[in-house]
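One structure below.
The values are calculated or read from the model by the stated rules, or taken from the named source; none is laboratory data. It should be emphasised that the depicted structure is a prediction, and the values quoted were computed from it without experimental measurement. For neighbour counting, all protein chains shown are included, and Cβ atoms are generated from backbone atoms with ideal geometry for every residue, glycine included. Only protein heavy atoms, including side chains, enter the accessible area calculation; ligands, DNA and RNA are left aside. Shrake-Rupley method; radii C 1.70, N 1.55, O 1.52, S 1.80 Å.
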Amino acid sequence: MMQSLVFNEFGASDVLFMRNHPTPQPGTGELLVDVSAAGLNFADIYRRQGRYPLAGSAPWVAGYEGAGQVIAVGSGVSGWQPGDRVGFADVPLAHASHIMVPQEHAIRLPDWLSEAQAASILLQGLTADYLLHDVLPVVPGMRVAVLAAAGGVGSLLTQMLVHRGVQVFAVASNQAKQHLCLRNGADAAADYDSWPEQVRAWHTAGCDIVFDSVGSTLLQSQESLKEGGRVVLFGMSGGAIPTPDPAQFLLRSTGVIGADLWTYLTSQQERQRRADRLFALLKEGHIKLPEVTSFPLYRGKEAHDLLENRGFSGKVILIP
């Protein structure tokens, strides 16, 4: 039997409960994985709240990120066998003791990285990776703002940008988070109350790029751009995204580019290539693992409550 953290209805964390059910057998092209650790992300909170669509019917299982060991392989699988260590960043139903991982989505882990460490960095790390490499040219000497810079993606992206030789203006909600951003190498940090004005004090012309995962801040992000600058909008954790005035883009030659990780995770080879690039930065010390808080899977309610506390910085993982 396997265990899953499930919910039958949308709402607060008290809708979560544990469910026992038979462990399935892997189908064609699938790996049955014994989950060692699964990441908990804001998208899982939003699914539980009913803010994101869910396929199928209740009981629902959240979670897309984690790592573990292969215990069985389906027909048509090549290159994987029981005992292999595997990570994943985009496989649903991860908040469980076992998960089916399509071979296409499987990421091989290096020997020096534990499964819990992989579960703490894969989703946010691959997001930061594509933002750095794929959306716009990011070159040394640029001045860039990162919103939610103390969060999982923001923290890693800041470190990657600094390693690239980019100057970073970090936006975070309180002083403790701002100090974290500065320790990650940001040149300056501010809260959300007056950050566009502080960007101009930092650099009169404004930013080449603003990486915005908050969404509700889009107008402020637009205001913080230099002429010819771009907002990269890759999330909406702050709620509804306001509609900008297109004339402002025209008058200052600025723009907004939408960005989503799933556009770039197009094959097993792409997943592994990007993960290996992330792992190399970690091994070489250019980025560091987040501070991890772990909970047993059966204490999922407490884990959700902690992540929903906006004062929390770090990564929450669930251990079946």
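Residue by residue through region 197-210, what is 3J(HN,Hα) from phi via Karplus (6.51 cos²θ - 1.76 cosθ + 1.60, θ = phi - 60°)? Round to whole Hz and write x for glycine and proline.
So the Karplus estimates, Gly and Pro as x, are 5, 6, 4, 5, 5, 6, 8, 4, 6, x, 9, 5, 9, 10 Hz.
Ignoring any ligand, DNA or RNA, what whole percent of the accessible area of the chain comes from carbon and sulfur when the probe is 1.4 angstrom?
52 percent
Starting from the residue with the highest accessible area, list 236, 2, 100 in decreasing order, probe 1.4 Å.
The residues order as 236, 100, 2, largest area first.
In units of 2.2 N^0.38 Å, what is the alpha-carbon radius of gyration of region 162-320?
1.19
What accessible area per residue, rounded to a whole number of Å², is obtained for region 1-47 using a probe radius of 1.4 Å?
Ligands and nucleic acids excluded, the figure is 43 Å² per residue.
Cα gyration tensor of region 206-277, axes a ≥ b ≥ c as square roots of the eigenvalues: rounded (a/c below 1.5), prolate (a/b > b/c) or oblate?
prolate
Considering amide H positions built from the backbone, and no H for Pro or chain starts, which residues 5 or more places from residue 292, or on another chain, come under 5 Å of its amide H?
315
Solvent-accessible area of residue 193, probe 1.4 Å, all protein chains present, reported in Å² to the nearest ten, please.
The value for residue 193 is about 140 Å².
For the chain, with a Gaussian network of springs between Cα atoms less than 10 Å apart, report the residue from 115, 284, 302 with the top mean-square fluctuation.
Per the Cα network of the chain with a 10 Å cutoff, 284 tops the list.
Counting helices only, and only those DSSP H runs with n ≥ 4, report the 222 nm mean residue ellipticity of the chain as the sum of -39,500 (n - 2.57) divided by its residues, in deg cm²/dmol to the nearest 500.
-9000 deg cm²/dmol
Return the label of the correct value of P(r) over Cα pairs in 10 Å bins from 0, in percent, as calculated from the structure shown, out of (1) 6, 24, 28, 22, 13, 5, 2, 1, 0; (2) 6, 24, 29, 18, 7, 4, 4, 4, 3, 1, 0; (3) 6, 26, 33, 23, 10, 2, 0.
(3)
Using a 1.4 angstrom probe and counting only protein chains, how large is the accessible area of residue 301 in Å², to 10?
The value for residue 301 is about 90 Å².
Could you tally the net charge around residue 90, taking each other residue with its Cβ under 12 Å from the Cβ of residue 90, Lys/Arg +1 and Asp/Glu -1?
-2
Hey, what angle do you get for helix 115-133 against the long axis of the chain, alpha-carbon based, 0 to 90 degrees rounded to 10?
40 degrees
Can you give me the long-range amide H partners of residue 23? Hydrogens built in the peptide plane at 1.01 Å from N, cutoff under 5 Å, separation of 5 or more residues or another chain.
2
Please give the per residue volume of the convex hull enclosing the alpha carbon atoms of region 10-97, rounded to a whole number of Å³.
Numbers: hull volume 9.3 nm³, N = 88.
Value for region 10-97: 105 Å³ per residue.
Below 8 Å, C-alpha to C-alpha, sequence gap of six or more: please give me the relative contact order for region 100-167 in percent.
On the way: 45 pairs, mean separation 21.9, N = 68.
About 32 percent, as a whole number.
Specify whether the C-alpha gyration tensor of region 78-177 places it in the rounded, prolate or oblate class, a ≥ b ≥ c being the square roots of the eigenvalues: rounded for a/c under 1.5, otherwise prolate if a/b is larger than b/c and oblate if not.
prolate
Over the chain, what is the mean sequence separation of C-alpha contacts under 8 Å (at least six apart), divided by residue count, expressed as relative contact order in percent?
Contact order relative to length: 17 percent.
Just want to confirm a number: the relative contact order over region 138-234, from Cα pairs under 8 angstrom separated by 6+ residues, in percent.
Numbers: 196 pairs, mean separation 25.2, N = 97.
Over region 138-234, the number comes to 26 percent.
Expressed as an acute angle from 0 to 90° and rounded to the nearest 10, what is the orientation of the C-alpha long axis of helix 268-283 relative to the principal long axis of the chain?
Long axis of 268-283 versus the principal axis of the chain: about 70 degrees.
Who wins for biggest fluctuation among 290, 53, 102 in a Gaussian network model of the chain, springs between alpha carbons below 10 Å?
53
How do 246-258, 138-150 rank on mean C-beta neighbours within 10 Å, highest first?
In descending order of packing, they fall as 138-150, 246-258.
Once you've got the Cα coordinates, tell me which of 177/288; 177/301; 283/315; 288/315 are over 22 Å apart. Please list the in-between numbers first.
On the way: 177/288 16 Å; 177/301 24 Å; 283/315 19 Å; 288/315 12 Å.
177/301, as the Cα separations exceed 22 Å there.
I'd like the Karplus ³J(HN,Hα) series for region 249-254: coefficients 6.51, -1.76, 1.60, θ = phi - 60°, whole numbers in Hz, and an x wherever there's a Gly or Pro.
With coefficients 6.51, -1.76 and 1.60, one gets 5, 5, 5, 10, 6, 9 Hz.
Under 1.5 on a/c is rounded, so check that first for region 195-243, then, if it is not, pick prolate when a/b is larger than b/c and oblate when it is not; a ≥ b ≥ c are the square roots of the alpha carbon gyration tensor eigenvalues.
In terms of gyration-tensor shape, prolate.
How much of the DSSP bridge set in the chain is antiparallel, in percent, rounded to the nearest 5?
Expressed as a percentage, antiparallel bridges in the chain total about 55.
Which whole-Hz couplings ³J(HN,Hα) result when phi for each residue of region 308-316 is put into the Karplus expression 6.51 cos²θ - 1.76 cosθ + 1.60, θ = phi - 60°, listed in order with x for Gly and Pro?
6, 6, 5, x, 7, 10, x, 10, 9
Can you give me the long-range amide H partners of residue 98? Hydrogens built in the peptide plane at 1.01 Å from N, cutoff under 5 Å, separation of 5 or more residues or another chain.
For residue 98, whose amide H was placed from the backbone, the distant partners under 5 Å are 3, 35.
Just the C-alpha atoms of region 123-240: what Rg/Rh do they give, with Rh taken as the Kirkwood radius?
Using Cα coordinates only, the ratio equals 0.91.
Can you tell which of 285, 11, 235 shows the greatest fluctuation in a Gaussian network model of the chain with Cα springs below 10 Å?
Of 285, 11, 235, the Gaussian network model singles out 285 as fluctuating most.
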